[in-house]
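The values are calculated or read from the model by the stated rules, or taken from the named source; none is laboratory data. Predicted model, so just to flag it, every value in this text is computed and none were measured. With ideal geometry, Cβ positions are generated from the backbone for all residues, glycine too; neighbour counts draw on all protein chains shown.
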Ligand SMILES: NC(=O)c1ccc[n+]([C@@H]2O[C@H](COP(=O)([O-])OP(=O)(O)OC[C@H]3O[C@@H](n4cnc5c(N)ncnc54)[C@H](O)[C@@H]3O)[C@@H](O)[C@H]2O)c1
């Protein structure tokens, strides 16, 4: 089988100074991409800043014979996100691939979560992904090519104790990804999301230590690399990945219940089994498709 290459492609990877982003940057660079390694260089909760982590990854890429440039900006500000993309334009003349990966944690039970803790997490994960994608979008559209991967989380898709801020941001990224996929379709821009599990500084005290070796970041990057390759045709999808396992995660709708007369509270009670039924499931590709059963009912 032929090796997948990224020669001639320019990739921006946010939060690439550590963990998953670092691995994505190293892999793409090793396969021929020119890479902007962005990282603010703060601690796990987003406190502090240092140009060191991004530069260290760039040094490693260069030592391995690859091409990369460091960017230490904050993806959560419009100026910072603009500077990330501008770094790609200045150094390499274009941008083809955006991997929104930067992230922080401020875990607290909902009872104890402050507005600041909520806002700070939304700002990096959700606003940061919006801002960096937005800064790149006109370039991707104009060249008629783009590959975007947003980093969601199982915690967002399924909820997790102590992560009301994080899970809100991560589920928000699913809606964001699906809309970018639809708006980007005619420009050959594909946008997908991953919900990874990996042993990093973000999770080392959350995941069982026995699995540390098996949950390496190198078990996540192959999916990301595939999704940003030119031969990937899928868009608007979400995949969970980690420890050697990959699966697609769906937003699906049950068969439901419908009637043409005005619905009463008693109708809801009396038809609760049909309303709650889990099967058969339908996966809709857009809101137009999702309206289909309703339109059918309204016109029947
Ligand atoms: N590790 C997991 O199991 C797991 C699970 C689900 C989701 N994720 C997501 O994967 C992504 C990477 O996480 P990780 O586990 O590699 O953690 P990590 O802490 O090793 O990496 C996150 C990186 O983002 C950088 N960063 C933080 N705020 C930034 C900002 N404002 N601007 C630029 N860079 C910033 C950090 O400096 C850090 O290098 C995150 O979005 C995280 O939420 C990870």
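Within the set 257, 187, the sole residue that is at pLDDT 95 or above, more than 15 Å from the ligand (Cβ to nearest atom) and in contact with a strand residue (DSSP E or B) (Cβ under 9 Å, 6 or more places away or on another chain) turns out to be 187.
In the set (1) assigned to a loop (DSSP other than H, G, I, E, B); (2) closer than 20 Å to residue 141 by Cβ; (3) touching a helix residue (DSSP H, G or I) at 6+ places or on another chain (Cβ under 6 Å), residue 257 fails one condition alone, (2).
In summary, residue 226 fulfils each of the numbered conditions (1) touching a residue at least 60 places away in the same chain (Cβ under 8 Å); (2) assigned to a loop (DSSP other than H, G, I, E, B); (3) more than 30 Å from residue 107 (Cβ to Cβ) with the single exception of condition (2).
Checked against (1) within 9 Å of the ligand (Cβ to nearest atom); (2) over 20 Å from residue 95 (Cα atoms); (3) not in a loop (DSSP other than H, G, I, E, B), residue 80 meets all criteria but (2).
Selection over the stretch 163-184 of residues that are outside any strand (DSSP E or B), touching a helix residue (DSSP H, G or I) at 6+ places or on another chain (Cβ under 8 Å) and either within 16 Å of the ligand (Cβ to nearest atom) or closer than 17 Å to residue 206 by Cβ (or both) gives a count of 12. Annotation note: of 149, 115, 95, 84, the sole residue that is more than 22 Å from residue 191 (Cα to Cα) and assigned by the TED database to the domain that holds residue 185 is 115. Somewhere in the stretch 44-65, is a residue in contact (Cβ under 8 Å) with a residue 40 or more places away in the chain, assigned to a loop (DSSP other than H, G, I, E, B) and touching a strand residue (DSSP E or B) at 6+ places or on another chain (Cβ under 7 Å)? No, every residue in the stretch 44-65 fails to be in contact (Cβ under 8 Å) with a residue 40 or more places away in the chain, assigned to a loop (DSSP other than H, G, I, E, B) and touching a strand residue (DSSP E or B) at 6+ places or on another chain (Cβ under 7 Å). Within the stretch 196-217, the set of residues being surrounded by fewer than 16 Cβ atoms within 10 Å (Cβ to Cβ), assigned to a helix (DSSP H, G or I) and either within 12 Å of the ligand (Cβ to nearest atom) or outside the structural domain of residue 155 (by the TED database) (or both) comprises 211 only. Residues of the stretch 218-230 that are touching a strand residue (DSSP E or B) at 6+ places or on another chain (Cβ under 8 Å) and more than 12 Å from the ligand (Cβ to nearest atom): 223, 227, 228, 229, 230.
In the stretch 101-115, of all residues being in a loop (DSSP other than H, G, I, E, B) and more than 7 Å from the ligand (Cβ to nearest atom), the one that is nearest to residue 13 (Cα to Cα) corresponds to 105.
Residues in the stretch 132-156 that are under 13 Å from the mean Cα position of the chain (by Cα) and more than 10 Å from the ligand (Cβ to nearest atom): 133, 147, 148, 149. Taken together, 42, 17, 46, 52 contain a single residue that is touching a helix residue (DSSP H, G or I) at 6+ places or on another chain (Cβ under 7 Å), more than 17 Å from residue 99 (Cβ to Cβ), modelled with pLDDT of 95 or more and within 11 Å of the ligand (Cβ to nearest atom), which is 46.
Would you check if residue 30 is surrounded by fewer than 24 Cβ atoms within 10 Å (Cβ to Cβ) and either assigned by the TED database to the domain that holds residue 165 or within 15 Å of the ligand (Cβ to nearest atom) (or both)? Answer is yes for this residue.
Being touching a helix residue (DSSP H, G or I) at 6+ places or on another chain (Cβ under 9 Å), without any contact (Cβ under 8 Å) to a residue 60 or more places away in the chain, within 15 Å of the ligand (Cβ to nearest atom) and closer than 22 Å to residue 139 by Cβ is a property that residue 12 lacks.
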